[in-house]
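Following: one structure in structure tokens, then a few remarks.
The values are calculated or read from the model by the stated rules, or taken from the named source; none is laboratory data. In this text the structure is predicted, and so the values were computed from the model without any measurement. A quick note on method: Cβ atoms are made from the backbone with ideal geometry, for glycine too, and the neighbour counts reach across all protein chains shown. Just the protein is used for accessible areas: all its heavy atoms, side chains included, with ligands, DNA and RNA removed. Shrake-Rupley method; radii C 1.70, N 1.55, O 1.52, S 1.80 Å.
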Amino acid sequence: MRTEATKRVELIFSLFDANGNGVLDSGDFDLMTGRVLEAAVASDDGAKEAIRAAFRRYWTTLATELDANGDGVISVDEFRPFVLDPERFGPTITEFAEALAVLGDPDGDGLIERPLFVSLMTAIGFAEANIHALFDAFGPDAEDRITVTTWARGIVDYYAPDLGGIPADQLVTVRAV
């Protein structure tokens, strides 16, 4: 497993720990879902329901696969190896990636404009300077847009244990604001 992948997973764990109690629980995913939906006001009901379902599946998959003692929480040590296992967690990440990327395209043209991308990523909790660096790394067009496919692929790559030097690494680099 690459160092970059470990850093990405530790960051996402800290962001998904929305209530800040040091572990993941179902309430964290409810809080995160609410924040993301608040940023997606222009998206249609189908896209909003898809992201709700994706967040639910993310939590359900974690709870089913990792919560062996049934205490309803997942520690970072339990989380790290599982989410970096594409065979075990890949379908959940793919669903999440597609739902989030589509949420960023409320007009359905296949393109995501920077302001909505920034809003959604800020709702998840990423630092704004890093969000802009990621968007730039995706290679936006002349009108400052990226494709839905580019973002979805970038999310999937974020969880890849063998990838480094990818756009998603922009999210873990400390940047001045």
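In summary, residue 153 fulfils each of the numbered conditions (1) at pLDDT 95 or above; (2) of a type in the set (D, E, K, R); (3) over 16 Å from the mean Cα position of the chain (by Cα) with the single exception of condition (3). When 167, 161, 140, 115 are screened for being over 16 Å from the mean Cα position of the chain (by Cα), open to solvent by less than 50 Å² (accessible area, probe 1.4 Å) and at negative phi, only 140 passes. If the condition is being part of a loop (DSSP other than H, G, I, E, B) and either touching a His at 6+ places or on another chain (Cβ under 7 Å) or farther than 22 Å from residue 7 by Cβ (or both), then the range 114-149 contributes 139, 140, 141, 142, 143, 144. Checked against (1) open to solvent by less than 20 Å² (accessible area, probe 1.4 Å); (2) part of a helix (DSSP H, G or I); (3) among the small types (Gly, Ala, Ser), residue 43 meets all criteria but (2).
Quick grid of which residues meet (1) open to solvent by less than 30 Å² (accessible area, probe 1.4 Å); (2) over 28 Å from residue 164 (Cα atoms); (3) in contact with a helix residue (DSSP H, G or I) (Cβ under 7 Å, 6 or more places away or on another chain):
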{"site": "18", "(1), (2), (3)": "yes, no, yes"}
{"site": "21", "(1), (2), (3)": "no, yes, no"}
{"site": "24", "(1), (2), (3)": "yes, no, yes"}
{"site": "49", "(1), (2), (3)": "no, yes, no"}
{"site": "52", "(1), (2), (3)": "no, yes, yes"}
{"site": "68", "(1), (2), (3)": "no, yes, no"}
